[in-house]
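S.K.: Below you'll find the structure I mean.
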Amino acid sequence: MGVKGKLIASVEVKCGGHLVHDIFHTKTHHISNICPSEIQSFEIHEGETVKVGSVVNWKYNDDGKDKTSKQVIEAVDPQTKSITWKVIGGDLLELYNFFTIITSCDHQWTTWTFVYEKKTEDIPEPLVLLGFVLHVTKDIEGDLLK
């Protein structure tokens, strides 16, 4: 059994958290246009838009390396403006037994939560990935403020 972990980071967004949530919830396909050097593509494999049960695939560049992440949407809460993405394929599962990403947005904040289990103790914490998603969030904010 691996080592379980949880990382949480929040970033202030001057455009309002609800607008960032709208991008992730209903306009996810636009993220690759907003930050093309980080996100190459977003595709829906099963279902429609970002709804519970939808299966999606991201192609992204993390720390200079091209990666993929296949995810199933486990929860969408319009009240808390949160989305729960469970990783079911891709590069993260080479290092982690499970990996769940939760985005939540309120007022002027966007919060990212990673819940995971490392396959071995010597696997690093996903701090680079956390920095990556915070950077993408700031890119989205910049686009929304134009």
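S.K.: Just to be sure I follow: if Rg is taken over the C-alpha atoms of the stretch 12-53 and Rh is the Kirkwood radius over the same atoms, what is Rg/Rh?
M.R.: Radius of gyration relative to Kirkwood radius: 1.01.
S.K.: Between residue 146 and residue 18, what's the calculated FRET efficiency when r is the beta-carbon distance and R0 is 22 Å? Round to 0.05.
M.R.: According to the calculation, E is roughly 0.80.
S.K.: As a test question: what accessible area, to the nearest 10 Å², does residue 27 have when a 1.4 Å probe is rolled over all protein chains in place?
M.R.: We get 90 Å² for residue 27.
S.K.: Using Cα atoms only, what is the angle between the long axis of helix 127-144 and the major principal axis of the chain, expressed in degrees (0 to 90) to the nearest 10?
M.R.: Tilt of helix 127-144: around 10 degrees.
S.K.: Mind grabbing the accessible area of residue 93 for me, 1.4 Å probe, Å², rounded to tens?
M.R.: Residue 93 exposes around 40 Å² with every protein chain in place.
S.K.: Here's a follow-up. Tell me, what does the Kirkwood hydrodynamic radius of the chain come to in angstroms if you use every pair of distinct C-alpha atoms?
M.R.: 15.3 Å
S.K.: With charges set only on the Cβ (+1 for Lys and Arg, -1 for Asp and Glu), what does the dipole of the chain come to about its Cα centre, in debye to the nearest 20?
M.R.: Roughly 140 debye for the chain.
S.K.: In addition: Before rounding to the nearest 500, sum -39500 (n - 2.57) across all DSSP H runs of length at least 4 in the chain and divide by the residue total; then give [θ] at 222 nm in deg cm²/dmol.
M.R.: That calculation yields -7000 deg cm²/dmol at 222 nm.
S.K.: Could you compute the net charge surrounding residue 129? Neighbours are other residues with a C-beta less than 12 Å from the C-beta of residue 129; K and R count +1, D and E count -1.
M.R.: -3
S.K.: Please label the shape of the stretch 24-100 as rounded, prolate or oblate, based on the square roots a ≥ b ≥ c of the eigenvalues of the alpha-carbon gyration tensor (a/c under 1.5 means rounded; beyond that, a/b larger than b/c means prolate, else oblate).
M.R.: oblate
S.K.: Determine the per residue accessible area of the chain with all protein chains present and a 1.4 angstrom probe, expressed in square angstrom.
M.R.: 52 Å²
S.K.: A further question on this structure: Using only the alpha-carbon atoms, how far is helix 17-26 inclined from the longest principal axis of the chain? Give it as 0 to 90 degrees, nearest 10.
M.R.: 70 degrees
S.K.: To continue, here is another question. Return the aspartates and glutamates within reach of residue 118: Cα separation strictly under 15 angstrom, same-chain partners fewer than 8 residues apart disregarded; answer none if there are no such residues.
M.R.: Output for residue 118: 91, 94.
S.K.: Test of understanding: in a Gaussian network model of the chain with alpha carbons linked when under 10 Å, which of 46, 117, 74 would top the mean-square fluctuation ranking?
M.R.: 46
S.K.: Fully extended, how many nm does the chain gain between residue 119 and residue 45 (0.36 nm per residue separation, minus their Cα-Cα distance)?
M.R.: 23.9 nm
S.K.: Now for a different question. Full-extension gain between residue 30 and residue 6, please, as 0.36 nm times their residue separation minus the C-alpha to C-alpha distance.
M.R.: Net length gain for the segment: 5.8 nm.
S.K.: A follow-up question, please. For the stretch 94-111, just list the computed ³J(HN,Hα) in residue order, Karplus coefficients 6.51, -1.76 and 1.60, θ = phi - 60°, integers in Hz, with x standing in for Gly and Pro.
M.R.: 6, 10, 10, 5, 8, 8, 10, 10, 10, 10, 9, 9, 8, 5, 10, 10, 10, 10
S.K.: Heavy atoms of the protein only, probe of 1.4 Å, neighbouring chains included. What is the accessible area of residue 113 in Å², nearest 10?
M.R.: 20 Å²
S.K.: I would also like to ask the following. For a label point 7 angstrom out from the Cα of residue 37 toward its Cβ, which stretches of the stretch 122-146 have the backbone nitrogen within less than 20 Å?
M.R.: 128-146
S.K.: While we're here: Quote the relative contact order of the chain in percent (integer), defining contacts as alpha-carbon pairs under 8 Å separated by 6+ residues.
M.R.: 30 percent
S.K.: Work through the residues other than residue 66 whose Cβ is under 13 Å from its Cβ and net out their charges, Lys, Arg +1 and Asp, Glu -1.
M.R.: Result for the neighbourhood of residue 66: -1.
The values are calculated or read from the model by the stated rules, or taken from the named source; none is laboratory data. Bear in mind the structure is a predicted one, so any value in this text is a computation, not a measurement. Cβ sites come from the backbone with ideal geometry, for glycine too, and all protein chains shown count toward neighbours. Side chains are part of the model used for accessible areas, which takes the heavy atoms of the whole protein and leaves out ligands, DNA and RNA. Shrake-Rupley method; radii C 1.70, N 1.55, O 1.52, S 1.80 Å.
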